[in-house]
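J.: Quick one: structure below, then a few questions.
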Amino acid sequence: SNLSPDPTSFRHYSSADFASWLRGAGDGVVMAEQVEIVHRLSDRKVMAFPITSDPNVILASVRRENVRFVMVSDPMEYPYFFPTEDERWRRVEAAEPSLFHLVHKGPGYRIYETNSYWATK
């Protein structure tokens, strides 16, 4: 398994796959927890997904930075932060259910686009 590892089993495979998807997506700022990986592989401006249980802090960041895409990783066995990305996202969706729509689902992650992004263009 060392000579031919399965990349889908790597902890941050979803971030690398997302960065690959971004190359074909339109312009815009991205929000993700793995800022360094996504930025390095996509050369995009990437904002950190705030680690907070307050959805208003996350929504303020989205609006302030004019974020277009938000990457939400599926729950991991041993998460780094609490609340997890999925928990934070559920709170954001509950606070602003019509602000985002799902545009892509990849291995271990989901991508949401802000509906307000196009209203500012």
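J.: Among the residues of the stretch 8-19, write down those that are in a loop (DSSP other than H, G, I, E, B) and among the charged types (D, E, K, R).
T.: Residue satisfying the conditions is 11 alone.
J.: If we scan the stretch 11-29, do we find a residue that is at pLDDT 95 or above and out of contact with any helix residue (DSSP H, G or I) (no Cβ under 6 Å at 6 or more places or on another chain)?
T.: Yes, the stretch 11-29 has at least one match.
J.: From the set of residues in the stretch 25-47 that are touching an Asp or Glu at 6+ places or on another chain (Cβ under 7 Å) and open to solvent by 30 Å² or more (accessible area, probe 1.4 Å), which is farthest from residue 88 (Cα to Cα)?
T.: 47
J.: Let me ask you something else. In the stretch 76-106, which residue that is open to solvent by 20 Å² or more (accessible area, probe 1.4 Å) and aliphatic (A, V, I, L, M) is farthest from residue 29 (Cα to Cα)?
T.: 76
J.: Right, here's the next one. How many residues does the stretch 20-37 contain that are free of Cβ contacts under 8 Å to residues at least 24 places away in the same chain and assigned to a helix (DSSP H, G or I)?
T.: Residues meeting the conditions: 3.
J.: Can you tell me which residues in the stretch 49-75 are exposed (fewer than 14 other Cβ atoms within 10 Å of the Cβ) and closer than 17 Å to residue 12 by Cβ?
T.: Result: 75, single match.
The values are calculated or read from the model by the stated rules, or taken from the named source; none is laboratory data. From a predicted model like this one, the values you see are computed outputs, not experimental measurements. Ideal geometry is used to build each Cβ from the backbone, glycine not excepted, and the neighbour counts take in all protein chains shown. Note: areas computed on protein heavy atoms with side chains; ligands, DNA, RNA excluded. Shrake-Rupley method; radii C 1.70, N 1.55, O 1.52, S 1.80 Å.
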